[in-house]
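*Asks:* Pasting a structure here, questions to come.
The values are calculated or read from the model by the stated rules, or taken from the named source; none is laboratory data. Everything numeric here is computed off the predicted structure, so don't read it as measured data. Cβ sites come from the backbone with ideal geometry, for glycine too, and all protein chains shown count toward neighbours.
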Amino acid sequence: MKKDIGSELERCINEDFRGFELLYQPLVDSNTQHVIGFEALIRWNYPGIGSISPSIFIPLLEKEGQMIRLGKWIICTVFKQLQEWQKTNPYLQANINISTCQIEFKSFADDLVAWIKKYQINPATIVFELTETKEWQELAAAKRIIEKLYKLGITFAIDDFGTGYSTFEVFRTLKCSEIKIDRMFIDKIVKSDMDQKIVKFLVLLCHSLGKTVCAEGIENQLTKDLLCNLGVDLLQGYYFDPPLTPKSFAEKYIENSELCMV
């Protein structure tokens, strides 16, 4: 099955990224309850089967060396969309997931600068999400590139924070401005005093270091209200909206100033 998926992935990429699409899930400011941006989420439909989870096809692409091509398509597609939306909301934030193979690619930083100029994007509105793993922390070259891009105004977020390798080492080794708390701490937080204490501690720690805290996987109002009381800065989850098509996101948030922060 994996072999078949790998072959089909390569075929779809070679056919102008057939079957791939980007969906946009809103990021909500906990204080104003307004949308301040989105996370771009890649989806792929396997012909004859349907949607395949990114947790399955992304590792295959990384292994086969195809993630560089798809990563470029993702970034350029988001930038092109953001260019249009920022005509209405110039401060709209875009969170984009990237992998180690992308940021290690020799021309990544230069390509990124070129894309920012081409699409006239404000670098300060771009947040690259890095999954918290040992791999990131051991790559000196990747850390140098992160530092370089950070100086250009681009910021970085640590995704799935709290479950990776040597969690607190992240603060010392990676330049990041945003922490996304893993949903394992969010799912049962309403009934778990321990999870509440962990999230409260992480919020206090991150705020003392000048970092923004985002909680994802929010599915009900009780969870949302509790996280707001704990001081989380950004909120994300199906309680607000699932990942939306560009058309749906624009109709609901870009064209509605009452819901989207300008």
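*Asks:* Taking R11, is it of a type outside the set (A, V, I, L, M) and either closer than 20 Å to L130 by Cα or in a strand (DSSP E or B) (or both)?
*Replies:* Values: of a type outside the set (A, V, I, L, M): yes; either closer than 20 Å to L130 by Cα or in a strand (DSSP E or B) (or both): no.
When the stated conditions are applied, R11 does not pass them.
*Asks:* State yes or no: is S53 within 24 Å of R11 (Cα to Cα) and out of contact with any helix residue (DSSP H, G or I) (no Cβ under 8 Å at 6 or more places or on another chain)? Please lay out each step first, then the result.
*Replies:* Details: within 24 Å of R11 (Cα to Cα): yes; out of contact with any helix residue (DSSP H, G or I) (no Cβ under 8 Å at 6 or more places or on another chain): yes.
Yes; evaluated as a whole, the condition is true for this residue.
*Asks:* Would you pick out the residues in region 3-26 that are out of contact with any strand residue (DSSP E or B) (no Cβ under 6 Å at 6 or more places or on another chain), within 18 Å of K80 (Cα to Cα) and either surrounded by 15 or more Cβ atoms within 10 Å (Cβ to Cβ) or among the hydrophobic types (A, V, I, L, M, F, W, C) (or both)?
*Replies:* Residue satisfying the conditions is F17 alone.
*Asks:* Out of (1) in a strand (DSSP E or B); (2) touching a residue at least 60 places away in the same chain (Cβ under 8 Å); (3) surrounded by fewer than 19 Cβ atoms within 10 Å (Cβ to Cβ), the odd one out for Y91 is which?
*Replies:* The number of the failed condition is (1).
*Asks:* Something else now. Which condition breaks for D29 when tested against (1) in contact (Cβ under 8 Å) with a residue 60 or more places away in the chain; (2) in contact with a Ser or Thr (Cβ under 7 Å, 6 or more places away or on another chain); (3) surrounded by fewer than 16 Cβ atoms within 10 Å (Cβ to Cβ)?
*Replies:* (2)
*Asks:* I've got another one for you. Go through (1) over 21 Å from I254 (Cβ atoms); (2) among the β-branched types (V, I, T); (3) in contact with a helix residue (DSSP H, G or I) (Cβ under 6 Å, 6 or more places away or on another chain) one by one and return the number of the condition V113 breaks.
*Replies:* (3)
*Asks:* Filter region 196-232 for residues that are buried (at least 18 other Cβ atoms within 10 Å of the Cβ) and free of Cβ contacts under 8 Å to residues at least 24 places away in the same chain and give the result.
*Replies:* K224
*Asks:* I'm checking my understanding of the structure. Among residues of region 173-195 that are surrounded by fewer than 20 Cβ atoms within 10 Å (Cβ to Cβ), under 30 Å from A142 (Cα atoms) and in contact with a helix residue (DSSP H, G or I) (Cβ under 9 Å, 6 or more places away or on another chain), which one is modelled with the highest pLDDT?
*Replies:* It comes out as S177.
*Asks:* Residue by residue through region 32-55, note down the ones that are out of contact with any strand residue (DSSP E or B) (no Cβ under 7 Å at 6 or more places or on another chain) and either surrounded by 14 or more Cβ atoms within 10 Å (Cβ to Cβ) or small (G, A, S) (or both).
*Replies:* Let us first name the residues in region 32-55 that are out of contact with any strand residue (DSSP E or B) (no Cβ under 7 Å at 6 or more places or on another chain), namely 32-33, 47-50, 53, 55.
Scanning region 32-55 gives G48, G50, S53, S55.
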